[in-house]
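Report on the following structure.
The values are calculated or read from the model by the stated rules, or taken from the named source; none is laboratory data. Everything numeric in this text was worked out from a predicted model, so none of it was measured. We place every Cβ from the backbone using ideal geometry, glycine too, and count neighbours over all the protein chains shown. Keep in mind that these areas ignore ligands, DNA and RNA; they rest on the heavy atoms of the full protein, side chains included. Shrake-Rupley method; radii C 1.70, N 1.55, O 1.52, S 1.80 Å.
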Amino acid sequence: MDKTQLLLAVSFGLFAIGLVGVIVRRNVLVMLMCMELMLNAVNLALVTFAQQGASAIGAVLVFLIFVVAASEIAIAIPIVLLLIRRGRTLDIGAYTALKG
Amino acid sequence: MGLLTLIVVLPLIGFLVNGLLGTRLAAAPLGKGVVTTVACGLPILSFLVAIKCFLDLLAGSGAPIVETAYVWTQVGQSHFDIAFYFDRLTAVMVLIVTGVGSLIHIYSTGYMKEDAGYGRYFAYLNLFLFFMLMLVLGRSLLVLFVGWEGVGLASYLLIGFWFEDPEKAAAGKKAFITNRIGDAGFLLGMFLLYFTFGTLDMDTINAAFLAGPAPAVSASLVGVLLFIGASGKSAQIPLHVWLPDAMAGPTPVSALIHAATMVTAGVYLVARMHGIYVHAPEASALIAGIGAATAFFAATIAVAQTDIKKVLAYSTLSQLGFMFVALGVGAYGVAVFHLYTHAFFKACLFLGAGSVIHALGGKQDIMHMGGLARRIPVTFVTFAIATAAIAGFPYMSGFFSKDEILWFAFASERGGSQFLYAVMAGTALLTSFYMFRLLWLTFLGTSRMDHETEHHVHESPLSMTAVLAVLAVLSAVGGFLPLPHFLEPVLPLAKAREELHAMEAPLMWAAVAVFAVGLAGAWLFFRANGALADRVAPPFAGLNRLLFNKYYIDELYDRVLGRPLVWISEHAFLGFGDRMVIDGSLNGLARLAQRSAGVLARVQTGNLQMYLLFVLIGSLACLAWGLRYV
């Protein structure tokens, strides 16, 4: 197995862990962390593919994505905090306002 | 803008000003004066312009003045213009409409002085004049029809002027709906004419009919269809029921719209389209028959009515019947002559009745009047003159016009007969009788008013009495104008049968005798507060009840037409069509949506992770499908 394949496999594994985490874990903060995990898995796949083209564009893009991810989490954490202030719990099962 | 357009547009300006600002103006301190000036000034101006046009017409070669104001629409080769046509017939009509109209506007300033709807009233009145002038000036049937519908609208608005009273609002609706029945016939006639000639210009159509070979359309069919329209507007049997109810409107409105001008529109229409009727003996016979029946039956009803305005309303029906008889026997100019004299004396009678009602604070029952002659002398004198005119006192206007109608009913080559003459002479006798009965019960004898009413009796203000005086003078002397002769270039007169010419003088004496007998009968029965009439009445109670209830025609229509229609509407249209089909299908759809939503809503658990799982499954399914098929 060469390096590229290994990296892609790691990327897929990270994504799968993140996805399963978002679906099965009930703690809101853990779900958030799992989402970051999925993001980074995609990032990893991106740089892996970028390496093949031998250009720096992929690496630059990844840094831009980091910035975006940082600002995203800066928004997401306060939202979660507000949610907790309302519901007094981290359990996602308590928030079912969208129930039909 | 040409002069003819100006005649039409001036009242429209009055309507716009008073319609938009009238109510607010009338409430302002000096505003009432402005409303009055606009409302009366513009019709008078219109009258003056009409006189100018009339003089132009007389000075000219006799050719009609034609003026195209606006090309309404163009469809292929044919175009529909708003064009005005001014010949001798139009001139007479326009002068009556604007002249009598202006007088009644002036009268109304006194009559409606205290009414809260002062501005609105004059706006409607000006609107009526606008549409009426459109009707008589229009060159094509289409423009005439616009005016025709417009006067119907104005009539509806003015009958229901005091719409807080449901009965009055209903009277307005009745007039409107009854007229729609006639209009259906009128429209069919118009379609037929347009289909045949490709134009609706009345002069062209008349010329086509009068010029030799018969056009490819049955003149009688068109004639009958147009007459159905005319009989709706002019309240002839069987569409006469709306006119007596129309008396719910203010009295000057009854005088202007439901006596002098609008109801004569049907007469005008038939006279204007005489080219058709010259070729349609069947339609003419129908017109004469309906006219005679209306004249006679309305006159018998008038004998038994006790409401002052109802008597006059039935008298109007009867006189319109006279006009249609004249039209039916081919004496078109004579019909217009009677229209012209009728406009004066009937307007005077209605306005006189308005003055009486004004004096009595709204009371209309002649059984509770009497002895008013000394209390309101000007009203009495003018009313008496107009009564004499309608009854046919020698050398007053009604005498001339009615005598000519009787003569043509007797001797015309086109449908005159002894029978028709006998019916019309009988009607004339009844006319004289019920009019003098009205005069006696209202003004002579002794007072039968209650104390409260009697105390308040007062003569009307100058704005009203002056108009009464003018109309009384016109009623007295208006007949000296040889109108049928004047109109002969536009309206041909039927010839009288040669062998009957010797009868002309005896028939005139017969007319005088008829008048005298009616007068004597009224005097005999109704002097001294109707003492003799009361004494001989009991054996005739059934007849009296029949006449008082107008032959139960309203009840008959209600049974035969009204109730079945209500039943069908209730059960077929409302119950089945509306509630079951329309409401049912819509409610069914709504219920279906509701039920399926109930099932589908269970998917919406509100659980975020469940949603995510669905998204995941969905994406995977898409992916799998893509791999398999793309």
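Are there any pairs with C-beta distances below 8 angstrom linking a residue in segment A:71-100 that is away from chain B (no Cβ under 12 Å) and more than 14 Å from B:Leu608 (Cα to Cα) to a residue that is open to solvent by less than 60 Å² (accessible area, probe 1.4 Å) and charged (D, E, K, R), with the two at least 6 apart or on different chains, and if so which?
Partner pairs satisfying both residue conditions: A:Ile73/A:Glu36.
Let me confirm something: among B:Val329, B:Val241, B:Val224, which residue is buried (at least 24 other Cβ atoms within 10 Å of the Cβ) and of a type in the set (A, V, I, L, M)?
B:Val329
Just give me the residues in segment B:258-317 being open to solvent by less than 20 Å² (accessible area, probe 1.4 Å), among the polar types (S, T, N, Q) and not in a helix (DSSP H, G or I), in sequence order.
B:Thr261, B:Gln305
Need at least 2 residues that are within 14 Å of chain A (Cβ to nearest Cβ) per element, so show me which helices (runs of 4 or more DSSP H) inside segment B:551-630 make the cut, counting only ones lying wholly within it.
B:584-600, B:608-629
Just for segment B:203-226: of the residues that are farther than 25 Å from B:Arg88 by Cα and outside any helix (DSSP H, G or I), which one is modelled with the highest pLDDT?
B:Ser218
Can you work out which of the residues in segment B:151-202 that are part of a helix (DSSP H, G or I) and among the acidic types (Asp, Glu) is nearest to the chain's Cα centre (by Cα)?
B:Asp183
State which residue is nearest to B:Met112 (Cα to Cα) when the search covers only segment B:470-488 and only residues that are in a helix (DSSP H, G or I) and open to solvent by 40 Å² or more (accessible area, probe 1.4 Å).
If we take residues in segment B:470-488 being in a helix (DSSP H, G or I) and open to solvent by 40 Å² or more (accessible area, probe 1.4 Å), then B:Val470 is nearest to B:Met112 (Cα to Cα).
Across segment B:87-108, what is the number of residues that are of a type outside the set (A, V, I, L, M, F, W, C) and either in contact with a Lys or Arg (Cβ under 9 Å, 6 or more places away or on another chain) or not in a helix (DSSP H, G or I) (or both)?
2
Please enumerate the residues belonging to segment A:3-28 that are touching a residue at least 40 places away in the same chain (Cβ under 8 Å) and more than 14 Å from chain B (Cβ to nearest Cβ).
Selection gives A:Thr4, A:Leu7, A:Leu8.
B:Phe131 is checked against (1) buried (at least 19 other Cβ atoms within 10 Å of the Cβ); (2) touching a residue at least 24 places away in the same chain (Cβ under 8 Å); (3) not charged (D, E, K, R) and fails just one. What number does that condition carry?
In the conditions (1) buried (at least 19 other Cβ atoms within 10 Å of the Cβ); (2) touching a residue at least 24 places away in the same chain (Cβ under 8 Å); (3) not charged (D, E, K, R), B:Phe131 misses (2) alone.
Condition check: over 30 Å from B:Tyr434 (Cβ atoms), within 35 Å of the chain's Cα centre (by Cα), open to solvent by 60 Å² or more (accessible area, probe 1.4 Å) and of a type outside the set (Asp, Glu). Does B:Val566 satisfy that?
yes
Please pick out the residue among B:Gly152, B:Gly138 that is out of contact with any Asp or Glu (no Cβ under 7 Å at 6 or more places or on another chain), over 30 Å from B:Lys32 (Cα atoms) and in contact (Cβ under 8 Å) with a residue 40 or more places away in the chain.
Unique residue meeting the criteria: B:Gly138.
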